Amino acid sequence: MDSTILLFLLQDGITNGALYGLLGIVTVLVFAVTRIIFVPQGEFVTYGALTLALLDTGRVPGTIWLLIGFGVVAFAVELWMSRHDLNARKIVREALIKIILPCLIALAVIWLAPMKLPPWANLLITLAIITPMGPYLYTIAFRPVAEASVLTLFIVAIGVHLSMQGLGLVLFGAEGLRGTPLSTLSLPVGPLVATGQTLSIYVLTLVTMAALTYFFNKPLFGKALRATAINRLGARLVGIRTSLSGAIAFVLAAIIGALTGALSAPMTTIYYDTGFLIGLKGFIAAIIGSLASYPLTVIAALAVGIAEALASFYASQFKEVIVFTLIIPVLIWLSLSSHHVEEEEE
Amino acid sequence: MSDLLLSIRDLFVSYGKVEAVHGVSIDVPRGQIVTVIGANGAGKTTLLNAAMGILPARGAIEFEGRNILRQPVEDRVGGGMTLVPERRELFATMPVEDNLLLGGFLISSHERAQQLEEVFTRFPRLKERRRQLAGTLSGGERQMLAMGRALMAKPRLLMLDEPSLGLAPLIVADIFAIIRDLRSAGVSILLVEQNARAALRVADSAYVMELGEITLHGKAADLAADPKIVETYLGLATH
Amino acid sequence: MSNTSATSPPVSTTPARSRRSIFFATLAIIIFLVPLIPGIPVYWITLLDNIGLAALVAIGLILLTGVGGMTSFGQATFCGFAAYTTAVLCAYHGMSPWLSLFIAVAITMLAAVVLGIITVPLSGHFLPLGTLAWGIAIFYLFGKLDFLGRNDGITPVPPLSIGGFQFFDSRSIFYVIWVFVIIAVFMTCNLLDSRTGRAIRALRGASSAAESFGVDTTRTKLIVFVYAALLAAISGWLYAHMQRAVNPTPFGVGASIEYLFMAVAGGAGHPAAAIFGAAFVTLLKEILTRLLPFLFGGQAHYEEVVFGIVLVLILQKSRMGLWPLVERLLPQPADPVIDRHVPALSQRPRPEAGRKILDLQMVRKQFQGLVAVNDVSFSIKAGEIAGLIGPNGAGKSTTFNLVTGTLPLTSGEIRYLDERIDGLSPRQIAARGIGRTFQHVKVLADMSVLDNVALGAHLRGSAGVVSASLRLDRKEEAQLFAEAARQIERVGLGEHMHKQAGSLALGQLRILEIARALCLDPALLLLDEPAAGLRHFEKQQLSTLLRQLRSEGMTVLLVEHDMGFVMNLTDHIVVLDFGTRIAEGTPAEVSKHPAVIQAYLGADA
């Protein structure tokens, strides 16, 4: 066996693994706060990547219209859900957040996009477009069923994924796009090359992992977010606004998803369904991390990335078959070790 | 300012097919313990849930003279009401101490630390178990934790749903002693109880609820002596 | 003429159950007449064919997910197994499709057994994730294997034929498909309305209770899983011979999700809901793919967008799916008629009074570091009512769970009538005659009181899936229901017999659990807080019932906090504190025991 090839495979695996790790983290985060198995996270990756790629070429991304659309529907859903408790202040506040804000963002993008700003500025614009979609989506699809079982939420998430992937196809077409790298830095490390792009992915993964681990275990606010998923009624009874908890989780999910997409856009061609495929691997990692531990999820993601890189070299035909079959023993082990006393109603 | 802390007028609550509340009116005067007794399924839990805002209701609910009928649960907690629900609704996979700290989610961190000490003084058992996961506590300890968590919010009105359900006699006695203490500490209490004997002993006034309606109300001591109440809810004191 | 008002009109003398059957039969006939409508476009018939194929899969999924609570993202995989099997056999080896049906179904069921053994024990959300994992893996496998033609698949597959007649067109295969659909609905309805059906319904939310009445829940789950795979296999087989080609695309996770969507849209209420779900989804897709490009122009796949939105809306607006809307139009199902004249079930002999019926020696249970039951020894004599009391967390319910096999012992021995029963499963212990109730009531809220109680008689019947689907189990069913009805009336819930259990108050549910335990024909009855939530008056009735059972030779061990109730009723009391036995004796002795007063009763009791 050639050790250089092995090193290349490892590097490839670790870079992909770090991306999977970021998405695995999102899965854990969203589940820990809302009990939603967040299938549509891949769409945030796609939207982020393709929005950035379009901005790089000086075009106005279609996601701004989607942003406005999401905002308007979320506004309507919000008003409908609080129809018994409406006042002028609330309507104005909601209109500011859900209609005026996305319109302002869209106007800014239309003004800025043709200027062909530097990559970091485009990254910020991308985040500004994608991030608000998270909480809007939560309001539209999940808040009305927030009390439902994990399985119902799962199926709703699948529905959202179908719609968002379809919208991705409508907005970006079936053609793939590639982004410009954020930095052109490249350091030779032995036979390998560490680019600024891959290094920033590693840093982002580690920082996100550490930050979220701290946030959900130390400050009371982080614990309050977790409490929302553990016992929703209990959380309300101590004064935690559970809909706000969900919205915060979705803000974080959208930011991390968009960042993941933006960072991977220069490395590979992104199609309208690429995000879903990356997300699926992240999802596997999160399951191995038993939808609870951030560090474990990242480690599992690296393992998935490496296993995939090796499989693609030695048995490229059966890469997916191998990766997905590998989860089954993990699931069995997790299921046995999670002391499940009784699956009460639902 | 009236001395009525909570005033419920002509409340209607629909909930599923079974439990429902039809036109119920209840007053909780400041500094008093008011109990609602009645059979399981009479609508007592529904009444409390509606008072707390968990279930939507028609009618009038005033707390400290303000209409709170449309207020969401979270705002009622901030306003000074808390509920200890029948199923306790603890954060089972979190330690006792985190459960309590979250109980004080809406108060300042300084007040929270102070309040935690107070709760630990009132429930020394919880202090011993502060690091234990709430889900591993025994029934009595869970009830104490649920009450402790509710007290962390510094409520002026504490609503208790079946605090003695499934508890051993000695712990029931403890719980009722604490209820009495809380009254002297200035907390008003709305108590829903299956254990009518203990409830009437501790309460100032009482309501009897049957099939979603209030059928009797008066001083707790008077009701405890009412022959109909004795026959249906109390039985003869044989032990 | 004056008589007419007294005689009921003929329609309502027909039992409503058969009125419902008439409705379904009419529906079936209408379906079969559709292709005969003059001038009906072939396109419509093809749509109906597709609906029928999807409905077959969805029927299995309703049983699996809607009733059994196991969400599967792998149903299309099972279609694939059968489709590929028949394609290989018929296209490559020239086998007759009718013969290959049996082989395709057998291979699929075998695959389902293997996958089921892996998947079915998975708990909570691990189960759907597991099906998702192998669903994706096998889909990729279909596309990579040379002998399955890789991504190109296998073509042409010969059509179905009888004699010289070939089922080439949509119109002729229509009848084959719909005959299978109607048989599937009929058999699935029968299955649900049976001893096995009750066990399947108990999987969702009351599986530990079901185990305590002798239901092998793992086996039951596997049965449902394989049954659903069987229906998917038939659909896959039909598909291969209708399309006359197979390739991996229709057997991927996307298709599985679509089937799940049909089951969700149809609703969990009834196997026939699968047809509505399948029709709804198939037509929706058809309309969207034709209408949306027309509206918006272009080639973009708007239908996926709308599809997702509709799925979300259905779950938001009606988690029960569309079936409740359909059901509102149907005649109400009648309450089952209870035939009181069937021969009663045989009863086990009661052990003679005074004999040691239950004997615990140095029983210990540790959860990690925590000692829940600490070397406890006590014994109960046949024919007595014994009480197990103590503070919360003293280990009473744990002791119950040890005796009934719900939890394994750390050390010690439990004997029932001189036989060691520690180490036996809850099912084996139930079979020996120990019935129980639960501290946290475990009943199925959406099942009738009668059905809930009849679950207790599970071990007194023996009918399996096949006899249930073919309705050969009616005599036994009548006996089980007669027994259930007798016990319901005995505990005083007679007027609630046909209500949904969920409409009863908590105290009544505890009584329901007693009736269910009695249906097991137990010699020893373990009751966990039977009087909690009862009013004084109801407690007195319960005491009377338990005394009567004792006089018939029943032994009762109960956990209860109401001291008035316990002291007046029991012959013998064991007191636990912190997992340790601190006192034992008659009620009078125990109530004066200083340790008991200190730990449990308090000074003023």
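Tabulated data for the structure shown
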{"item": "Residue satisfying all of: in the range C:331-363; crowded, with 16+ Cβ neighbours inside 10 Å and of a type in the set (A, V, I, L, M, F, W, C); farthest from A:Gly159 (Cα to Cα) among these", "result": "C:Ile357"}
{"item": "Within the range B:187-239, tally of residues that are under 16 Å from C:Arg535 (Cα atoms) and among the small types (Gly, Ala, Ser)", "result": "6"}
{"item": "Test: residue in the range B:155-177 that is outside the structural domain of B:Asp98 (by TED's automatic domain parsing), under 22 Å from C:Pro391 (Cα atoms), surrounded by fewer than 17 Cβ atoms within 10 Å (Cβ to Cβ) and not aromatic (Phe, Trp, Tyr)", "result": "yes"}
{"item": "Unique residue being touching a helix residue (DSSP H, G or I) at 6+ places or on another chain (Cβ under 6 Å), open to solvent by 10 Å² or more (accessible area, probe 1.4 Å) and among the hydroxyl-bearing types (Ser, Thr, Tyr) when the list is A:Ser293, A:Ser316, A:Ser243", "result": "A:Ser243"}
{"item": "Qualifying residue in the range B:63-76 (condition: farther than 28 Å from B:Tyr233 by Cα and touching a Phe, Trp or Tyr at 6+ places or on another chain (Cβ under 8 Å))", "result": "yes"}
{"item": "Residue, surrounded by the most Cβ atoms within 10 Å (Cβ to Cβ), within the range C:204-223, restricted to residues that are farther than 15 Å from C:Arg427 by Cα and in contact with a helix residue (DSSP H, G or I) (Cβ under 8 Å, 6 or more places away or on another chain)", "result": "C:Lys221"}
{"item": "Residues within the range B:55-71 that are open to solvent by 40 Å² or more (accessible area, probe 1.4 Å) and within 11 Å of chain A (Cβ to nearest Cβ), tallied", "result": "4"}
{"item": "Single residue of the range C:498-528 satisfying the filter (hydrophobic (A, V, I, L, M, F, W, C) and open to solvent by 10 Å² or more (accessible area, probe 1.4 Å)) that is farthest from the other protein chains (Cβ to nearest Cβ)", "result": "C:Ile511"}
{"item": "Odd one out for B:Thr46 among (1) within 27 Å of C:Gln508 (Cα to Cα); (2) open to solvent by 10 Å² or more (accessible area, probe 1.4 Å)", "result": "(2)"}
{"item": "Hits in the range B:124-138 (condition: open to solvent by less than 30 Å² (accessible area, probe 1.4 Å) and touching a helix residue (DSSP H, G or I) at 6+ places or on another chain (Cβ under 8 Å))", "result": "B:Leu126, B:Ala134, B:Leu137"}
{"item": "Only one of B:Arg183, B:Arg197, B:Arg142 that is in the same structural domain as B:Ala57 (by TED's automatic domain parsing), part of a helix (DSSP H, G or I) and closer than 24 Å to B:Leu106 by Cα", "result": "B:Arg183"}
{"item": "Top-ranked residue in the range C:102-121 [being open to solvent by 10 Å² or more (accessible area, probe 1.4 Å) and at the interface with another protein chain (Cβ under 10 Å from one of its Cβ atoms); ranked as nearest to C:Val226 (Cα to Cα)]", "result": "C:Leu115"}
{"item": "Residue in the range C:531-554 that is assigned to a helix (DSSP H, G or I), in contact with a strand residue (DSSP E or B) (Cβ under 6 Å, 6 or more places away or on another chain) and either without any contact (Cβ under 8 Å) to a residue 24 or more places away in the chain or open to solvent by 10 Å² or more (accessible area, probe 1.4 Å) (or both) present", "result": "yes"}
{"item": "Residue within the range A:306-329 that is under 30 Å from C:Ala202 (Cβ atoms) and within 24 Å of the chain's Cα centre (by Cα) present", "result": "yes"}
{"item": "Candidates A:Gly179, A:Gly239, A:Gly222, filtered to the one that is more than 14 Å from chain C (Cβ to nearest Cβ), part of a loop (DSSP other than H, G, I, E, B) and under 20 Å from the mean Cα position of the chain (by Cα)", "result": "A:Gly179"}
{"item": "Looking only at the range C:590-603, and only at residues there that are more than 10 Å from chain B (Cβ to nearest Cβ) and without any contact (Cβ under 8 Å) to a residue 12 or more places away in the chain, the one that is surrounded by the fewest Cβ atoms within 10 Å (Cβ to Cβ)", "result": "C:Pro594"}
{"item": "Test: C:Gly143 is of a type in the set (Gly, Ala, Ser), assigned to a helix (DSSP H, G or I) and at pLDDT below 90", "result": "no"}
{"item": "Residue that is farthest from B:Ala39 (Cα to Cα) [pool: residues in the range B:147-178 that are small (Gly, Ala, Ser) and within 11 Å of another protein chain (Cβ to nearest Cβ)]", "result": "B:Ala153"}
{"item": "B:Val34 being away from chain C (no Cβ under 14 Å), of a type in the set (A, V, I, L, M, F, W, C) and over 30 Å from A:Leu225 (Cα atoms)", "result": "yes"}
{"item": "Residue tally, condition modelled with pLDDT under 90, open to solvent by 20 Å² or more (accessible area, probe 1.4 Å) and not in a loop (DSSP other than H, G, I, E, B), over the range B:214-233", "result": "8"}
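The values are calculated or read from the model by the stated rules, or taken from the named source; none is laboratory data. Only a predicted model underlies this, so the values are computations on that prediction, with no experimental measurement involved. Reconstructed Cβ throughout: ideal geometry from the backbone, glycine too, with neighbour counts over all protein chains shown. We work out accessible area using only protein heavy atoms, side chains counted, and drop any ligands, DNA or RNA first. Shrake-Rupley method; radii C 1.70, N 1.55, O 1.52, S 1.80 Å.
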